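The values are calculated or read from the model by the stated rules, or taken from the named source; none is laboratory data. Computed from a predicted structure; not experimentally measured. Cβ: placed from backbone, ideal geometry, glycine included. Neighbour counts: every protein chain shown. Areas reflect the complete protein model, heavy atoms only, side chains present, ligands, DNA and RNA absent. Shrake-Rupley method; radii C 1.70, N 1.55, O 1.52, S 1.80 Å.
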Amino acid sequence: SKSAGRNEFRFFDPAMQVAAVERVALATDLRKAIEEKQFLLHYQAQVISGNGVIGAEVLVRWMHPQRGLVSPAEFIPLAEETGLILPLGDWVLETACAQLAVWALRPEMEHLTIAVNVSARQFGKLDFVERVLSVLKRTGANAARLKLELTESLLVDNVQETIEKMFALKAKGVGFSLDDFGTGYSSLSYLKKLPLDQLKIDQSFVRDVLLDPNDAAIARTIVALAQSLGLGVIAEGVETEMQRDFLAGVGCHCYQGYLFSRPVVLEAFEELVLKREM
Ligand code: C2E
Ligand code: CA
Ligand code: CA
Ligand code: CA
């Protein structure tokens with residue numbers, strides 16, 4: 001009603017209004033950015049102890065013509081709200097798959113996998129499976145080298161539909177990693193119903209794994225859970241050797257984090273693959 005609107009205005013915080021105006025400006029820029037392809041991908045190494053780099057997670061970056069590099073923490077939520085995540089997500093997937101096809105022709109790169117983040121809005125689309133399959137076909141990428149990172153909240157939205165989509169992609173060889181694992185609020189019962197390949201221990205548990213007994217217990221439990229379900233496990237946000245050693249001690253041998261590499265441009269990632277035995 002009108003009076004409610006007036007009340008809202010009365011309590012409106014000028015700082016919030018600035019933020020709102022800012023968001024609208026950013027949304028306008030984002031629309032343009034997608035048309036003008038102002039994005040690039042950074043590649044962050046995923047490593048297995050003793051076996052070097054096994055692949056990369058791609059993380060999108062926005063090169064804003066005036067603001068410079070804008071963090072995905074800022075524009076991904078906005079892209080989700082505005083629906084712009086759909087063309088952006090298509091671009092990320094297409095770019096990643098095209099890279100897989102290039103690597104397939106290089107003996108020292110052909111083993112690499114690429115993990116792509118998928119947002120709820122993307123995954124929720126009825127034609128999500130078709131989109132992924134058509135990108136694979138168009139680029140010639142090997143589906144078995146593509147890993148999709150899904151989050152718990154995305155999975156429980158519509159469990160039956162989720163299961164069908166995942167099995168359809170799984171049948172073609174696409175892998176699935178459950179991102180930010182442990183931060184969601186869902187029950188564990190769906191875990192065994194879904195064709196997952198890997199649990200990804202969220203960096204919030206890794207950060208204080210040596211200081212906070214609760215985080216240590218959670219990390220240990222996630223590894224044990226993965227093992228008992230026959231799933232792989234990777235820890236994200238590994239910054240120190242002591243964190244890595246703790247994780248290795250509880251049976252997690254696959255890592256991602258600044259200890260190994262920051263997210264970097266393609267050329268730098270490839271150099272890392274060539275020279276680094278981790
Ligand atoms: P995420 O999927 O959980 O990605 C991991 C984030 O942790 C990345 O932040 C990465 O740069 C950062 N990180 C990696 N190693 C370390 C470490 O050792 N220490 C610390 N402190 N941080 C580390 P980034 O690149 O800023 O991305 C933030 C989030 O934006 C991602 O979280 C993901 O949810 C989203 N995002 C990024 N790219 C895409 C994309 O292409 N599509 C979608 N839907 N979301 C994306
Ligand atoms: Ca991720
Ligand atoms: Ca994550
Ligand atoms: Ca995260």
DSSP-defined beta bridges in the chain - what % are antiparallel, rounded to 5: 45 percent
Orientation-averaged projected area, Cα convex hull of segment 191-277 (nm²): 6.4 nm²
Chymotrypsin sites (Phe, Trp or Tyr not before Pro) lying in DSSP loop within segment 4-110, provided at most 10 other Cβ fall within 10 Å: Phe11
Relative contact order of the chain, pairs being alpha-carbon contacts under 8 Å that are 6 or more residues apart, as %: 19 percent
Low-density loop cleavage sites - chymotrypsin sites (Phe, Trp or Tyr not before Pro) in segment 152-234, where at most 10 other Cβ are within 10 Å (DSSP): Tyr185
When the convex hull of its Cα atoms is projected in every direction, mean area for segment 116-211 (nm²): 6.7 nm²
For q = 0.09, 0.12 Å⁻¹, Debye-computed log10 I/I(0) when each Cα of the chain counts as one equal scatterer: -0.47, -0.82
Calculated Rg and Dmax of segment 21-65 using C-alpha coordinates, Å: 16.0, 50
P(r) tail fraction, segment 52-157 - alpha-carbon pairs more than 15 Å apart, %: 66 percent
Helix-derived mean residue ellipticity, 222 nm - over the chain, DSSP H n ≥ 4, -39500 (n - 2.57), to 500: -15000 deg cm²/dmol
For segment 22-156: relative contact order, % (alpha-carbon pairs under 8 angstrom, 6 or more apart): 22 percent
Cross-link pairs Lys147/Lys172; Lys125/Lys200; Lys37/Lys165; Lys165/Lys200 - those with Cα-Cα distance over 22 Å: Lys125/Lys200; Lys37/Lys165
Heavy-atom accessible surface of the chain: percent carbon and sulfur, 1.4 Å: 55 percent
Chymotrypsin sites (Phe, Trp or Tyr not before Pro) restricted to segment 214-278 and DSSP loop, no more than 16 other C-beta within 10 Å: Tyr258
Principal-axis tilt of helix 159-171 within the chain, Cα atoms, nearest 10 degrees: 50 degrees
Against the rule of thumb 2.2 N^0.38 Å, how large the Cα Rg of segment 63-122 comes out: 1.38
Top of Pro195, Pro263, Pro107 by mean-square fluctuation, Gaussian network on the chain, Cα under 10 Å: Pro107
Kirkwood Rh (inverse of mean 1/r, distinct Cα pairs), segment 18-104, angstrom: 14.3 Å
Charge dipole of segment 151-278 about the Cα centre (unit charges at C-beta), most positive-ward option of Leu211, Tyr255, Ala226: Ala226
Evaluated at q = 0.10, 0.18 Å⁻¹: base-10 log I(q)/I(0), Debye formula over Cα of segment 133-278: -0.39, -1.14
For the chain, accessible area per residue (1.4 Å probe, heavy atoms of protein chains only), Å²: 51 Å²
